[in-house]
1. Hand me the list of helices (runs of 4 or more DSSP H) wholly inside the range 235-346 holding 2 or more residues that are touching a residue at least 60 places away in the same chain (Cβ under 8 Å) and closer than 30 Å to residue 91 by Cβ.
2. Would you pick out the residues in the range 66-116 that are touching a helix residue (DSSP H, G or I) at 6+ places or on another chain (Cβ under 7 Å) and under 11 Å from residue 193 (Cβ atoms)?
3. As an exercise: evaluate residue 199 against (1) under 17 Å from residue 148 (Cβ atoms); (2) touching a residue at least 60 places away in the same chain (Cβ under 8 Å) and give the number of the one condition it does not meet.
4. Residue 229 - would you say it is at positive phi, surrounded by fewer than 18 Cβ atoms within 10 Å (Cβ to Cβ) and part of a loop (DSSP other than H, G, I, E, B)?
5. Here is a list of conditions, (1) within 18 Å of the chain's Cα centre (by Cα); (2) closer than 24 Å to residue 17 by Cβ, and residue 291 meets all of them except one; can you say which number that is?
6. Which of the residues that make up the range 197-221 are loosely packed, with under 14 Cβ neighbours inside 10 Å and at pLDDT 95 or above?
7. Tell me whether the range 52-60 contains one or more residues that are outside the structural domain of residue 157 (by TED's automatic domain parsing) and touching a helix residue (DSSP H, G or I) at 6+ places or on another chain (Cβ under 6 Å).
8. Restricting the search to the range 86-118, which residues are at pLDDT below 95 and either outside any strand (DSSP E or B) or assigned by TED's automatic domain parsing to the domain that holds residue 14 (or both)?
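The values are calculated or read from the model by the stated rules, or taken from the named source; none is laboratory data. Keep in mind that this is a model prediction, so the values were computed, not measured. Here the Cβ positions follow ideal geometry from the backbone for every residue, glycine too, while neighbour counts run over all protein chains shown.
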């Protein structure tokens with residue numbers, strides 16, 4: 001029966017990072033049962049077609065529960081909310097939901113956990129209810145359309161009043177965005193996801209970068225180097241710790257370019273830039289793995305043989321065997337590069 005589930009997932013090409021696809025199998029009785037829970041019509045219809053086409057319905061009982069998308073949404077209200085594989089902090093961290101980021105609410109597990117689909121990159125996972133604020137559709141639209149600011153520094157304290165000695169009520173992380181209510185030369189008043197107001201020093205904030213036709217190579221590299229030394233965290237995508245694709249996603253997002261969450265998906269972005277490192281330019285995404293069909297790591301080119309990536313820590317490496325930064329591991333597993341937009345320099 002496990003083979004049937006694997007075959008269905010492979011046949012339908014279901015990616016469980018973005019689609020709920022779960023099944024409870026009950027093999028007791030004369031006619032074993034499959035109880036599916038899915039989050040897409042495509043998956044539900046595909047399962048029905050699979051069992052009908054293979055005539056397996058004669059041998060099994062099949063029920064399919066469709067997880068409805070609700071008109072209620074979640075916004076992270078803490079600096080870093082963990083997105084877990086199951087409704088428990090003991091499960092695997094899949095990714096992270098940062099302050100101000102939002103998602104569709106798909107399911108609830110009691111009062112403590114909600115399953116969300118992140119708006120930023122479509123990832124699905126479980127988030128602790130006390131780390132998010134639930135809002136209706138109208139408030140969600142208002143939140144998305146509001147004018148926002150983002151930190152210049154890694155972590156900016158959000159205070160209860162416009163004074164440096166006021167209590168900190170939350171932390172504002174590099175690469176995240178919050179609505180601005182009003183400002184003066186010294187302070188900005190911001191709104192938190194639960195509607196509360198807070199304050200941050202104006203000098204520590206700036207407007208988000210808008211997407212342009214050209215990617216500034218210099219700015220991409222400057223941003224990447226800012227994170228040098230930050231430790232590796234599985235599923236991490238914040239200045240408190242990255243995984244390799246969380247690092248590249250954050251660097252490009254801060255410069256107005258949205259990338260998919262994982263290296264295997266980022267591999268499909270942009271245009272092919274080949275495998276000859278002497279032709280790589282600053283800002284190219286470099287991809288590594290056992291094969292082109294199995295990409296497991298991503299880095300950012302510094303031009304030529306040098307690149308920066310998250311592997312243990314954010315640091316620079318080289319393809320040149322004569323360089324002190326030479327990495328045999330990554331030199332032998334390079335599968336290609338992708339170029340996003342037209343490389344430019346400020």
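1. 244-254
2. 73, 75, 76, 77, 78, 81, 102
3. Answer for residue 199: the failing condition is (2).
4. Answer is yes for this residue.
5. Result: residue 291 passes all but (1).
6. 203, the sole residue that qualifies.
7. So the first thing to find is which residues in the range 52-60 are outside the structural domain of residue 157 (by TED's automatic domain parsing), and the list is 52-60.
From the residues that got through so far, the ones that are touching a helix residue (DSSP H, G or I) at 6+ places or on another chain (Cβ under 6 Å) too are 57.
Yes, some residue in the range 52-60 is outside the structural domain of residue 157 (by TED's automatic domain parsing) and touching a helix residue (DSSP H, G or I) at 6+ places or on another chain (Cβ under 6 Å).
8. Selection gives 110, 111.
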